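Q: Below you will find the structure I want to go over with you.
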Amino acid sequence: MQEPKLMRLRAAMQVAQIDAYIVPSSDPHQSEYVADYWNSRAWLSGFTGSAGLLVVTQDWAGLWTDSRYFLQAETQLKDSGINLHKVLPNQANDYRDYLGKQLTAGSKIGLDGRLFSVQQLERLEQKLADFELQIVSHLDLIDDIWGSRPKLPKAPIFDFPIEYSGHARAEKLAGIRQQMHLQNTDVYLVSALDEIAWLFNLRGQDTDYNPVFYAYAAIQHDVAYLFLDLDKVSENLTQKLERKSVILRAYRDFPNYLKRLYEGRTVLLSPSTFPAQLYDLLSTEVIEQKSLIQTQKTIKNEVEIAHLRKTMELDGVALLKLYRWLEKEAGKRSISEYEIGKQLTHFRAQQTDFVSPSFASIVGYNANGAIVHYRAEKNNCAQVEQHGMLLIDSGGQYLTGTTDITRTTTLGLPTNNQKRHFTLVLKGHIALADIRFPKGTNGHQLDSLARQFLWCEQLNYGHGTGHGVGFFLNVHESPPSISSSSSRLTELKPGMVFSNEPGYYETDQYGIRIENLLLCVPANEADNFLQFETLSLFPIDRQLINIDLLSKKEIIWLNQYHQEVEERLSPFLSTEEKRWLQKQCIMIK
């Protein structure tokens, strides 16, 4: 029997006279985490992972997602009538090819053009033209069938002062205008939420985990317009912005602003994020290029870096309290994965300037640890016992920075295989953390460093090795990455922050991942070589290490790392907590 939601969609498709409908995971700003109002794909399919695309025809439905979510998707799509299509790196398994094979020439494919960027829609049109398929791109079928659709968020937008940001909004705007002047551009349109938040030194609460707010920006040489929900901005903040020639307008007025841009004005925008449906409203000359903001945002300034180093100490203290609590409670009772995640948020909330988690904590016990983006639900999760393996991947949003850290620990005596796999992952983690590389290197060139020891035993992991991290912004920050994919070749530059998170996963048994955040810094005074500074501060489980597999250099790195962890966390700890930390950081001889 068809799922009622899919039946309602198919009925709407018949009325619109289309043969297929595409539902992405995005909002009009290409956000990773979206407000509930835009969570159409999850509502229709039941699959709650943050990445995926749903295609529905009259007699078939399919969902495409990547390896981080394979096990989760298999579980959540069971008996839904939706087929799972696994997207693998560097392999052809594309929903566009599938549509071309399944539909006959002349068929119509509908989608909501607000949810596709200019670049995405152009590529889709080019691909489907080969199959003689038509796209109807201004078609929102979801609103009419989603009767209890959530409202758009109303949380207040707040100022992010210079003592945290390091640079004033006027200074940032001046830098953007200088670039606009060099390109002879009159208006710069911005739709990516983290770019808007960074540029204007504002933060919000419109999406889970990322402190952003729904808005568009139009930057001119003498004034900047912010299109947002006016009810979410206080009168005091409005006046403060207007004194710097930042004028607020209603979010719904942005399309009318685009229509009023008269011919003769040159507009600059990023086709990878700007919504295709809004692009169609422009009648002026348009320059499409990479964002003017992204690179500036990803390179943290000295104020942000100083804050980040202190934030890592606070985050390490929160983790220490969590693991000590877990040790005590595990001896008394069974503890659910869900409770562990809630308790970790509790300990983070005790730290100065904590705002929220930076993503939903992944607390995976034994087999659940092998589900890369596993999420424990209150009434549907494992009970953690005094044996086996526990993987905790978590992070915090602080006014003083964003954290993301993973530790895998043993709750009993580990097997030889578990120790071998853990040590191979650790060796890759150290190889990346300890590398020096020439200026101009990109993350794709470094990715194999973290995989080499697994590869030697014909093992691998399906996710990227590292992603960029924002400053009290998106925990996954584009474009920096360390990945086996050659599609994103962003040069690594001093000030960029990355995750270092190789892993290994035995399906139905256990998962292993070791993650710290890295700061890219100069390796010499000539600044022609770069290296990484490890920012995250928490012990790596020594019980899971097969010391015989470590080189002398790797042992030195691990001992030095643990020495730094102990030295920097100890001033915040009680006597008992210091003893616990000392035990975890004992040097390897």
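Q: I'd like to check which helices (runs of 4 or more DSSP H) are fully inside the stretch 279-379 and have at least 3 residues that are out of contact with any Pro (no Cβ under 7 Å at 6 or more places or on another chain) and closer than 22 Å to LEU390 by Cβ.
A: Those helices (runs of 4 or more DSSP H) span 302-330, 337-349.
Q: Is there a residue being assigned to a loop (DSSP other than H, G, I, E, B), over 30 Å from ARG260 (Cβ atoms) and touching a residue at least 12 places away in the same chain (Cβ under 8 Å) anywhere in the stretch 109-116?
A: No, the stretch 109-116 contains no residue that is assigned to a loop (DSSP other than H, G, I, E, B), over 30 Å from ARG260 (Cβ atoms) and touching a residue at least 12 places away in the same chain (Cβ under 8 Å).
Q: So, LEU128, is that one modelled with pLDDT under 95, closer than 30 Å to LEU53 by Cβ and more than 24 Å from the chain's Cα centre (by Cα) or not?
A: Yes.
Q: Moving on to the next point. On the basis of being more than 30 Å from GLY331 (Cβ to Cβ) and acidic (Asp, Glu), does GLU457 make the cut?
A: Answer is yes for this residue.
Quick grid of which residues meet (1) out of contact with any strand residue (DSSP E or B) (no Cβ under 6 Å at 6 or more places or on another chain); (2) modelled with pLDDT of 90 or more:
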position	(1), (2)
LEU71	yes, no
VAL87	no, no
GLN102	yes, no
SER107	yes, yes
LEU115	yes, yes
LEU124	yes, yes
GLU132	yes, yes
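Q: Which of (1) closer than 20 Å to PRO28 by Cβ; (2) open to solvent by 10 Å² or more (accessible area, probe 1.4 Å); (3) in contact with a strand residue (DSSP E or B) (Cβ under 7 Å, 6 or more places away or on another chain) is the odd one out, the single condition ALA276 does not satisfy?
A: (2)
Q: With (1) within 28 Å of GLN239 (Cβ to Cβ); (2) in contact with a Leu (Cβ under 9 Å, 6 or more places away or on another chain) as the list, and ALA168 as the residue in question, which single condition is left unmet?
A: Evaluating ALA168 over (1) within 28 Å of GLN239 (Cβ to Cβ); (2) in contact with a Leu (Cβ under 9 Å, 6 or more places away or on another chain) leaves (2) as the failure.
Q: Looking at the stretch 353-374, which of the residues that are aromatic (Phe, Trp, Tyr) and open to solvent by less than 30 Å² (accessible area, probe 1.4 Å) is farthest from ASP208 (Cα to Cα)?
A: TYR365
Q: Based on what the data block shows, is ILE586 crowded, with 18+ Cβ neighbours inside 10 Å and either under 20 Å from ILE430 (Cβ atoms) or modelled with pLDDT under 95 (or both)?
A: Against the criterion (crowded, with 18+ Cβ neighbours inside 10 Å and either under 20 Å from ILE430 (Cβ atoms) or modelled with pLDDT under 95 (or both)), ILE586 does not qualify.
Q: Can you tell me which residue within the stretch 1-51, out of those that are of a type in the set (Asp, Glu) and open to solvent by 20 Å² or more (accessible area, probe 1.4 Å), is nearest to ASP140 (Cα to Cα)?
A: So the residue we want is ASP19.
Q: Could you please find all residues in the stretch 172-202 being among the aromatic types (Phe, Trp, Tyr) and farther than 20 Å from VAL118 by Cα?
A: Answer for the stretch 172-202, where residues must be among the aromatic types (Phe, Trp, Tyr) and farther than 20 Å from VAL118 by Cα: TRP198, PHE200.
Q: Can I ask one more? List the number of the failed condition for PRO153; all other conditions in (1) open to solvent by 40 Å² or more (accessible area, probe 1.4 Å); (2) out of contact with any helix residue (DSSP H, G or I) (no Cβ under 7 Å at 6 or more places or on another chain) hold.
A: Unmet condition: (1).
Q: Is it the case that the stretch 368-382 has a residue that's in contact (Cβ under 8 Å) with a residue 24 or more places away in the chain and either under 20 Å from THR534 (Cα atoms) or basic (Lys, Arg) (or both)?
A: Yes, some residue in the stretch 368-382 is in contact (Cβ under 8 Å) with a residue 24 or more places away in the chain and either under 20 Å from THR534 (Cα atoms) or basic (Lys, Arg) (or both).
Q: Return yes when GLN543 is open to solvent by 20 Å² or more (accessible area, probe 1.4 Å), in contact with a strand residue (DSSP E or B) (Cβ under 8 Å, 6 or more places away or on another chain) and either closer than 26 Å to GLY443 by Cβ or not β-branched (Val, Ile, Thr) (or both) and no when it is not.
A: Here the answer is yes, as GLN543 does meet what is asked.
Q: Related question: Closer than 24 Å to HIS562 by Cα, touching a Lys or Arg at 6+ places or on another chain (Cβ under 8 Å), open to solvent by less than 30 Å² (accessible area, probe 1.4 Å) and not aromatic (Phe, Trp, Tyr): which single residue out of THR423, THR465 fits that description?
A: From the options THR423, THR465, the qualifying one is THR465.
Q: Name the pairs whose Cβ atoms lie under 8 Å apart, with the first residue in the stretch 559-570 and under 17 Å from ARG407 (Cα atoms) and open to solvent by 20 Å² or more (accessible area, probe 1.4 Å), the second of a type outside the set (Phe, Trp, Tyr) and assigned to a helix (DSSP H, G or I), and 6 or more positions between them or separate chains?
A: GLU566/LEU581; GLU566/GLN582
Q: Same structure, new question: Give TYR37, TYR21 a once-over and let me know the one that is more than 18 Å from the chain's Cα centre (by Cα), among the hydroxyl-bearing types (Ser, Thr, Tyr), in a helix (DSSP H, G or I) and closer than 29 Å to SER191 by Cα.
A: Sole residue among the options that is more than 18 Å from the chain's Cα centre (by Cα), among the hydroxyl-bearing types (Ser, Thr, Tyr), in a helix (DSSP H, G or I) and closer than 29 Å to SER191 by Cα: TYR37.
Q: Sticking with this one: Please enumerate the residues belonging to the stretch 227-250 that are open to solvent by 50 Å² or more (accessible area, probe 1.4 Å) and outside any loop (DSSP other than H, G, I, E, B).
A: Answer for the stretch 227-250, where residues must be open to solvent by 50 Å² or more (accessible area, probe 1.4 Å) and outside any loop (DSSP other than H, G, I, E, B): LEU230, ASP231, GLU235, ASN236, GLN239, LYS240, GLU242, ARG249.
The values are calculated or read from the model by the stated rules, or taken from the named source; none is laboratory data. What you are looking at is a predicted structure, and each value in this text was computed from that prediction instead of being measured. Positions of Cβ are generated from backbone atoms using ideal geometry, with glycine treated the same way; all protein chains shown enter the neighbour counts. Only protein heavy atoms, including side chains, enter the accessible area calculation; ligands, DNA and RNA are left aside. Shrake-Rupley method; radii C 1.70, N 1.55, O 1.52, S 1.80 Å.
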